[in-house]
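Worksheet: one structure, shown below.
Just so it is clear, none of the values below were taken in a lab; they were calculated from the coordinates. The shown structure was predicted, so the numbers you read here are calculated from the model rather than taken from an experiment. Cβ coordinates were reconstructed from backbone atoms using ideal geometry, including for glycine residues, and neighbour counts include every protein chain displayed.
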Amino acid sequence: MKKLIKNGMICTESQVFPGDILIEGEKIKAVGTGLADPDAEVIDASGKYVLPGAVDVHTHMDLQAGKHRAVDDFYDGTVAAACGGTTSIIDHMAFGPEGCSLWHQVKEYHRLADGKAVIDYGFHGVIQHVDDSVLREMKEIAEKEGITSFKVYMTYDFMLKDDELLQVLNQAKKDGIVIAVHCENDGVINYLRKKYTEEGCTQPKYHPLSRPARCEAEAVDRILHLAAMAEDAPLYIVHLSSKEGLLEVRKAKASGQKNFAVETCPQYLTLTDSMYQDDQEALKAIMSPPLRKKEDRDALWQALSDDVLDVVATDHCPFNYRIEKQAGADDFTACPNGAPGVEERLRVMFSEGVVKKRITLPQLVKYLCTNPCRMYGLYPEKGTLLPGSDADLVLLDPEKERVLTHRDMHSAVDYTCYEGMTVKGDIDLVMQRGKVIVKENVFLGQKGDGKYLKRSKSILAE
Ligand code: URP
Ligand code: ZN
Ligand code: ZN
């Protein structure tokens, strides 16, 4: 079955040009002007941008986090992603039982996702302790499962200490694996959480005060030095939120450190800590790292504009405001951390980024589509519109407007952080491997249609 997308404005990370795309089966067959094929079904894209399907490399579907479980399973969460123009995700695994092998969560995540995901999906492994078998399993899992990235945490219960981080980075350097890192200084956070609790300062507004920007900056600086000590091991810093953290990134880039990439998220680019002023609204934004100030937001946009950051992913980790989030109403330390965002990302970034001229359209494609695939071994199969690539794409109408509201969204969660935000530009159609899976915000795909993505090596590990 062939499809021909006619007269669109084709967007890549390097240019925007008028043209057509011919699709045969699951793949892009040709990109050009004046393409014709009598056997192809024609999709008129006049006046629309044609983008590669967006790729979200930081989601937490069905995440068990302490007492609470994220409310999107791999079906609801990927339907939401699809309706937001995302055609592939790479999900971060939850921690497994203490002392478990790395294979434990690999098996668990196949159980959670296989047969449910509606878009293509892969996993990042998680390392929660270090010993010889864990270090051996990294390579085994990369080779057998195509899981070529593993995440480590510098805070939370299963954080790694500096010596463990260094061992993991040394191993990753040898095996060509990327280490994704949640950077926050655990000691300072624990001290501040205890101090605020003892002083009776337990309202949600104390959450950001217990995780100051310098906690992030110190951990970013430390992990960059550790990666440098491991001969510039492949490193990916997740969810950068602050101008102080950014300063450390800029310093490392200026020093010539290689093989590292940095991600930020739409919430750190568009929302601020003013959300913590109201005790109830604050619960919606209890996430780690927390929302920061306007200066941080502006610094992150500037870094995107300067090509200093590499990826914009969501950290989608939804808990219901009316249920799970209320655990933090009187004690922020009891609130599950995380917020939804997988469905909002492309619309918010197009409107707040491209329409407001903070980034260009090619930069949007780079940050949401192409670079995520390069960093995590999916390029050029995904993240671009080249002949031979998967026919994953989005038709976006720049003239349409939408008021974001939870009522029109597809996640199982009961709120959006962007309620009432008017976005310019809307998604008309989403195609996954040649099949239309979303039209005008209606999901048309099938449960289980997502394909498991065995990934190759990252460009950070070449
Ligand atoms: O608050 C957040 N971000 N929750 C999800 C887990 C993580 O730290 O990425
Ligand atoms: Zn994190
Ligand atoms: Zn996360």
Provide the packing ranking of 429-442, 198-211, i.e. peptides ordered by the mean count of other C-beta atoms within 10 Å per residue, highest first.
429-442, 198-211
Please list, ordered by chain and number, the residues whose modelled amide H lies under 5 Å from the amide H of Lys451; skip anything fewer than 5 residues away on the same chain.
Asp120, Tyr121
Which distance in Å, rounded to a whole number, links the C-alpha centroids of the stretch 309-330 and the stretch 370-394?
28 Å
Along the charge dipole of the chain, which of Pro290, Val436, Leu361 sits closest to the positive end, that is, farthest toward it, with unit charges on the beta carbon of Lys, Arg, Asp and Glu (+1, +1, -1, -1)?
Leu361
Taking +1 at the Cβ of each Lys and Arg and -1 at the Cβ of each Asp and Glu, which of Pro208, Thr370, Phe95 sits farthest along the dipole of the chain towards its positive end, judged by Cα position relative to the Cα centre?
Thr370
Residues with beta-carbon under 13 Å from that of Val71, excluding Val71: net charge, scoring Lys, Arg +1 and Asp, Glu -1?
-3
List residues of the stretch 124-157, by number, whose backbone nitrogen lies under 18 Å from a label position 7 Å along Cα→C-beta of Met229.
130-131, 152-155
For the stretch 118-154 and the stretch 188-254, what is the separation of their Cα centres, given in Å?
23 Å
For the stretch 8-55 and the stretch 417-445, write down the distance between their C-alpha centroids in whole Å.
17 Å
Rounded to two decimals, what is the ratio between the C-alpha radius of gyration of the stretch 245-359 and 2.2 N^0.38 Å?
1.16
Shape call for the stretch 37-182, from the Cα gyration tensor axes a ≥ b ≥ c (a/c under 1.5 means rounded, otherwise prolate when a/b beats b/c, else oblate), comes out prolate
How would Ser458, Ser14 line up from fewest to most surrounding beta-carbon atoms within 10 angstrom?
Ser14, Ser458
Can you pick out the pairs among Lys3/Lys382; Lys6/Lys29; Lys356/Lys439 whose Cα atoms lie more than 22 Å from each other?
Lys356/Lys439
Give me a comma-separated list of calculated 3J(HN,Hα) values for the stretch 218-231, in order, Karplus coefficients 6.51, -1.76, 1.60 applied at θ = phi - 60°, integers in Hz, x for any Gly or Pro.
4, 6, 4, 4, 5, 5, 5, 5, 4, 5, 5, 5, 8, 6
Quick one: Karplus J couplings for the stretch 154-161, per residue in order, coefficients 6.51, -1.76, 1.60, θ = phi - 60°, nearest Hz, x for Gly and Pro?
9, 9, 6, 4, 9, 5, 9, 7
Spin-label model distance (nm) - Thr333 vs Thr197, 7 Å beyond Cα toward Cβ:
0.2 nm
Please work out the Kirkwood hydrodynamic radius for the chain, using every pair of different C-alpha atoms, and report it in angstroms with one decimal place.
22.0 Å
Farthest toward positive dipole pole in the stretch 303-345 [+1 Lys/Arg, -1 Asp/Glu at C-beta], among Pro340, Leu304, Ala327
Ala327
Report, in debye and to the nearest 20, how large the dipole of the chain comes out about its Cα centre when Lys and Arg carry +1 and Asp and Glu carry -1 on their Cβ.
580 debye
Proxy exposure order for His239, His110 (fewest C-beta within 10 Å first) is His110, His239
Hydrodynamic radius (Kirkwood) for the stretch 370-462, which is based on Cα pairs only, to one decimal in Å
15.5 Å
